[in-house]
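Chemist: Let me give you the structure first, and then I'll get to my questions.
Readers should treat all values here as calculations from the given coordinates under stated rules, not as data from a laboratory. Because the structure is predicted, anything quoted here is derived from the model rather than measured. Cβ sites come from the backbone with ideal geometry, for glycine too, and all protein chains shown count toward neighbours.
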Amino acid sequence: MFKVNKTVEEINEKIKHGEAVIVNAEEMIDIVDKKGIIEAAKSVDVVTTATFGTMCSSGALINFGHTKPKIKASEVYLNDVAAYGGLAAVDAYIGATAVKAKDPLNAVHPGRFEYGGGHVIEDLIAGKKLKLIAKGYGTDCYPSKYAEMEITIDDLKQATLANPRNAYQNYSVAINTTDKTIYTYMGVLKPKIANATYSSAGQMSPLMNDPFYLTLGIGTKIFLGGGTGYIVYNGTQHNPDEKRNNRGVPMTGAGALAVMGDMKNMNSKYIKGASILGYGASLSIGIGVPIPVLNEEIAFFTSVKDEDIDAYIFDYGYDYPRRIDNNYGLTNYRDLRSGQITVKGKTVPATPLSSYYMALEISEKLKEWIMDKKFYLTQYAEQLPTSKDYEPMKYVKGNI
Amino acid sequence: MISKKIMLKFNKATSNQPIISNLAKTYNLTFNIMSAQIFPRKEGFVIFELTGNETDFQKGTQYLKDNGINIQLIEESIIRDDDKCYHCGFCVAVCPTEALIIDDKKTMKVNLHKDRCIACGYCVGVCPVKAIKLSEFA
């Protein structure tokens, strides 16, 4: 079926012998332009992709070890941010969007959300001291009802980042048609369509480069927050059947990844607590995914350009909060990155929310790790649910 | 010619005097006010761009100092912590003067041009990692 056929195992063998050719997703565009997909597939072994953005569906699973006497902690607080304690005795899950009990929220709009779960995660990774409070109701085996301690990540038995939905394949472009400035998770949107925001690394983004999830799946090792982690499942809201363009790239959300990784090997440069004005606390995180170039079709998919990636424009002022199914047309990431798009005939400044700058840096870092033989590729245990629209070479043929 | 964006802080005694008018007339300086406010206790601030030849500019700012007015250059008041900034672009959306801007569309780095800043403070509020500060901002 393919003219070039490589396996992950063969690529790892090349990495081991220092013979693998690794490029980032931006470099792959030029290589395919110059050589064509067959020669590109022969010469390039791995394409590194990455994204760095605010991803609310993130959190950390922690185990803080048994206290003396023991406690069955049903309420847990880290620096006064509530973690979920409805797990075993000293297990807890802290979500990125949780805030302090006394946070004024949006009482004075727009609220600032100074410190939340995302900041707890950053502080843990940065090695800072945090106050942990655990409350229990007391049982025969776990008699203690209250424990307060100062901890760092080293005191925790486990600290595992566990993010149900990251690295969304594509995302909406946001505008505001109302008469008032609004404060959203898509940033500040000025009235009467005075600006637009978008949140994807476009051509650098992992799932843009493997739109049908052919090379990645459950068990794929990735760059996660400066350390290593794994794709553990399809992300929440993963929907491979969204409408796709002639390159097979979905025009809205579509696929997503659930990821996990040991926070003890992460670096707070690549994972940061976020305060989104008027919206809430969150976590900004860097994810890098290596894509093995197994054949010419993968070479084709990894050569995707910003101009090949479409995104719908939605009104976050009126339609979105009311769940009105309406859009303001399509744009693409070439136009978005240029800083100006056209919405209903009007020129509108466009600014990003996801850091392309950091995505590039992470793709380079991941490349370095592979070249230094610190990072090998993994064959997934199982594929993520994919689209009914996929047939081998269908999209390649459609673009020749 | 010299042109600087400056914040003047007036105390109760000076806030009702025609300081800026005197400054313009006596020292042949032009000014463009960007924002101004007087607070309930009668102290206040003005942010303006002051333009003129170098000698006049020096004399004029000395006149302000002699009258007990606190002078601060805006370009010295905005500070970005480059370890915190991850070049997301939240601030670029709200900056009214392109002081925060993505100049290079290839790297998508967010640049800060301090000389364009008017100390409006919008970026301070929207920065998700609190990387931007305006010192002494009223």
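Chemist: For the range B:1-76, which trypsin sites (Lys or Arg not before Pro) are both in a DSSP coil and crowded by at most 10 other Cβ atoms within 10 Å?
Modeler: Taking the range B:1-76 and a limit of 10 other Cβ atoms within 10 Å, the loop trypsin sites (Lys or Arg not before Pro) found are B:Arg41.
Chemist: Take the alpha carbon gyration tensor of the range A:232-314, find the square roots of its eigenvalues, order them as a ≥ b ≥ c, and report rounded if a/c is under 1.5; if not, report prolate when a/b exceeds b/c, else oblate.
Modeler: Details: a/c = 2.07, a/b = 1.38, b/c = 1.51.
Verdict is oblate for the range A:232-314.
Chemist: Let me know the charge dipole size of the range B:2-68 about its Cα centre in debye, to the nearest 20, where only the beta-carbon of Lys, Arg (+1) and Asp, Glu (-1) is charged.
Modeler: Details: 9 positive and 5 negative charges, 53 e Å.
Dipole of the range B:2-68, to the nearest 20 debye: 260 debye.
Chemist: Just to be sure I understand: if I project the alpha-carbon convex hull of the range B:2-68 onto a plane and average over all orientations, what area do I get in nm²?
Modeler: Value for the range B:2-68: 3.9 nm².
Chemist: Could I ask something else about it? Can you tell me how much longer the chain between A:Glu150 and A:Asp179 gets when fully stretched, taken as 0.36 nm per residue apart minus their C-alpha distance, in nm with one decimal?
Modeler: Computed gain between A:Glu150 and A:Asp179 is 5.6 nm.
Chemist: Quick one: Kirkwood hydrodynamic radius for chain A, alpha-carbon pairs, angstrom, one decimal?
Modeler: Here the Kirkwood hydrodynamic radius works out to 22.2 Å.
Chemist: Taking 51 Å as R0, compute the FRET efficiency from the Cβ-Cβ separation of B:Asp81 and A:Arg334 and round it to 0.05.
Modeler: Computed FRET efficiency for B:Asp81 and A:Arg334: 0.95.
Chemist: If you restrict to DSSP beta bridges whose two residues both lie in the protein assembly as shown, what percentage is antiparallel, to the nearest 5?
Modeler: Bridges in the protein assembly as shown that DSSP calls antiparallel: roughly 90 percent.
Chemist: Could you work out how much longer the chain between B:Gln17 and B:Leu73 gets when fully extended? Use 0.36 nm per residue separation minus the Cα distance between them, nm to one decimal.
Modeler: Fully extending the segment from B:Gln17 to B:Leu73 adds 18.0 nm.
Chemist: Rounded to whole Å, give me the distance from the Cα center of the range A:204-242 to that of the range A:34-112.
Modeler: Answer, in whole Å: 17.
Chemist: Would you mind computing Rg(Cα) / (2.2 N^0.38 Å) for the range A:1-141, counting N as its residues?
Modeler: Working: Rg = 24.3 Å, N = 141, 2.2 N^0.38 = 14.4 Å.
Relative to the 2.2 N^0.38 Å estimate, the range A:1-141 comes out at 1.68.
Chemist: Any of A:Lys102/A:Lys190; A:Lys221/A:Lys388; A:Lys243/A:Lys397; A:Lys34/A:Lys373; A:Lys72/A:Lys264; A:Lys128/A:Lys221 with alpha carbons more than 23 Å apart? Name them for me. Intermediate results must be reported in sequence, preceding the final value.
Modeler: Details: A:Lys102/A:Lys190 30 Å; A:Lys221/A:Lys388 26 Å; A:Lys243/A:Lys397 19 Å; A:Lys34/A:Lys373 28 Å; A:Lys72/A:Lys264 25 Å; A:Lys128/A:Lys221 27 Å.
Over 23 Å apart, Cα to Cα: A:Lys102/A:Lys190; A:Lys221/A:Lys388; A:Lys34/A:Lys373; A:Lys72/A:Lys264; A:Lys128/A:Lys221.
Chemist: I've got another one for you. If amide H atoms are built 1.01 Å from N in the plane of the peptide, which residues on other chains or at least 5 residues away come under 5 Å of the amide H of A:Asn195?
Modeler: Amide H neighbours of A:Asn195: A:Asn176, A:Lys190.
Chemist: Out of the range A:231-301, which trypsin sites (Lys or Arg not before Pro) are coil in DSSP terms and have no more than 14 other C-beta atoms within 10 Å?
Modeler: A:Lys243
Chemist: Using DSSP to call loops (not H, G, I, E or B), can you name the trypsin sites (Lys or Arg not before Pro) in the range A:78-154 whose Cβ has at most 16 other Cβ atoms within 10 angstrom? Mind showing how you got there, number by number?
Modeler: Values: sites: A:Lys100, A:Lys102, A:Arg112, A:Lys128, A:Lys129, A:Lys131, A:Lys135, A:Lys145; in loops: A:Lys102, A:Arg112, A:Lys128, A:Lys129, A:Lys145.
Hits after loop and neighbour filter: A:Lys102, A:Lys128, A:Lys129, A:Lys145.
Chemist: For every helix of n ≥ 4 consecutive DSSP H residues, a contribution of -39,500 (n - 2.57) applies; sum these over chain B, divide by its total residues, and give [θ] at 222 nm rounded to the nearest 500 deg cm²/dmol.
Modeler: -6500 deg cm²/dmol
Chemist: For the range A:59-161, what ratio Rg/Rh do Cα atoms give with a Kirkwood hydrodynamic radius?
Modeler: Rg/Rh for the range A:59-161 comes to 1.00.
Chemist: Setting aside same-chain residues fewer than 8 positions from B:Lys9, which aspartates and glutamates have a Cα under 14 Å from its Cα?
Modeler: B:Lys9 reaches B:Glu43, B:Asp66, B:Glu136.
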